[in-house]
Amino acid sequence: MTVIAMSRAEIARVHVLRDVVAERITVREAAQLLPIPQRQVFRWLKADHAGGPAALVSSRRGKPSNRSYPAALRSEVLALITATDADFGPTLACEKLAGRHGIALGVETIRRWMIAAGLWQDRHQPRYRRDCVGELIQIDGSEHDWFEDRGPPCTLLVYIDDATSRLMHLKFVETESTFAYFRSTREYLEAYGKPVAFYSDKHATFRINKVGATGGDGMTQFGRALHQLDIDIICAIAPQAKGRVERANGTLQDRLVKELRLAGISTLEAGNAFLPAFIADFNRRFAKAPYSDKDLHRPLSKDDELDDVFAWREERTVSRSLTLQYDQVLFILEPNAITLSLARQRVIVYDYPDGRLAIKHKGLELPYRPFDRRQQVDQAAIVENKRLGPVLAYIAERQKELDMSRSRKAPRRRGQAKSLFKVG
């Protein structure tokens, strides 16, 4: 028995021709079903009569296309990619082949060759996009050796528009923290305005992850800031749900790392200075047109006090001696007409990303002096300070026995500028 390999189209062709031979349909109807000219139906009927179904199989099957590139060129290209660009993606490899070696080929050609050679893995298709720019901005922090062995690992904060895959904002930071997102998101809003929503993972910056947490208003500091600006925050159940930014991270870890290497960049400052030009070039190459021309970003208003919005805020009760504690630091309110009436009243501590700290009551900033129990006590200062002498003497005697760590409820200070809590 002879086995004939046929495509679905060729099998359908055999069935239609059998119906013509059996006079169940006419040649004209067969031409409409296939669809081909009637003259071609007569040619196939003649071939089928002479050679059977095997004669209807394409004679080009298994042979290289007449338009295919020479095997020598393919071998040369794969050798160049393997030698110098083995970790490049198809698009970047295509660009570098044209720019550095003068070999101009299509991206899909390079992709097919790299997949066949085991240098690249095909990827699945993404979900449907949103319709408008600014409707949904996916955000994520990508920790990686961005500067390879030229500098320490760091995190790239990525803001990507779901409708267009446009990189809206990138920022190198030491680590993914609330203060880092405060500063970066403020830069985003000042550049574009307020989007409808941000789409993130379940990082502690965006979502309270503690099991059984019932206290407070259920918002993180970042969530509170966005709520105050009337911006929604949506947390994805799994990384795959925010595939747009996850795929962008993979592309950036491929493409951006190489561009930083070629530019000889090794520090966060130089990297951030490099990013605007990289973003413009990336978007020119890869951004898609939105389904709608409408931009849903809303302009910032004069009531959007971004300094106070993007500050870590916690309430404290003022003691009868006009003191309060925050992050293991004792704050002494300077007595005046306003502060003298605040004993047992609630005030708000504003801890800013730039290292400043303010204590406010009903929007009015209060004067204060800090006293950090973690620092060594100056006995001369104790003598000079009559009001706090006994307290400081007590601390001085027991200082080495105390837990000198900061509060676990206070913000992690990587990503914040120099402050009284942090040196450098």
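Data overview
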read-out	value
Amide H partners (placed H, <5 Å) of residue 130, local residues excluded	163
FRET efficiency, 1/(1 + (r/R0)^6) with R0 60 Å, evaluated for residue 66 and residue 267 via beta carbons	0.70
Full-extension gain in nm, residue 19 to residue 254, via 0.36 nm per residue minus C-alpha separation	79.0 nm
Packing-based ranking, highest mean first, of 363-371, 106-114 given that Cβ atoms within 10 Å are counted	106-114, 363-371
By accessible area with a 1.4 Å probe, ligands and nucleic acids excluded, highest first: order of 144, 227	227, 144
Three-way shape label, segment 38-122, alpha-carbon gyration tensor, a/c 1.5	prolate
Residues residue 362 and residue 144, FRET efficiency given R0 of 45 Å [Cβ-Cβ distance, rounded to 0.05]	0.50
Pair residue 109, residue 317: separation of 7 Å Cα→Cβ label points (nm)	7.6 nm
Distance (nanometres) between label positions extended 7 Å along Cα→Cβ at residue 227 and residue 79	6.4 nm
Protection proxy ranking, peptides 180-188, 278-286, average beta carbon neighbours within 10 Å, highest first	180-188, 278-286
Distance (nanometres) between label positions extended 7 Å along Cα→Cβ at residue 55 and residue 27	1.5 nm
Cross-link table 171/302; 194/294; 171/258; 194/258; 63/96, entries beyond 24 Å C-alpha to C-alpha	171/302; 194/258; 63/96
Nearby aspartates and glutamates by direct alpha-carbon distance to residue 360 (threshold 12 angstrom, same-chain neighbours under 8 apart not counted)	308, 314, 315, 351
Packing rank of 93-99, 77-83, where each peptide gets the mean count of other beta carbons within 10 Å, highest leading	93-99, 77-83
Accessible area in the full protein assembly, largest first, 1.4 Å probe, for 26, 251	26, 251
Segment 243-372, accessible surface, carbon-and-sulfur percent (1.4 angstrom probe)	51 percent
Residue (of 121, 35, 92) at the positive-pole extreme of segment 32-122, dipole from beta-carbon charges	35
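The values are calculated or read from the model by the stated rules, or taken from the named source; none is laboratory data. All figures in this text were calculated on a predicted structure; none of them were measured in a lab. For neighbour counting, all protein chains shown are included, and Cβ atoms are generated from backbone atoms with ideal geometry for every residue, glycine included. To get the accessible areas, we keep the full protein, side chains included, count just its heavy atoms, and leave off ligands, DNA and RNA. Shrake-Rupley method; radii C 1.70, N 1.55, O 1.52, S 1.80 Å.
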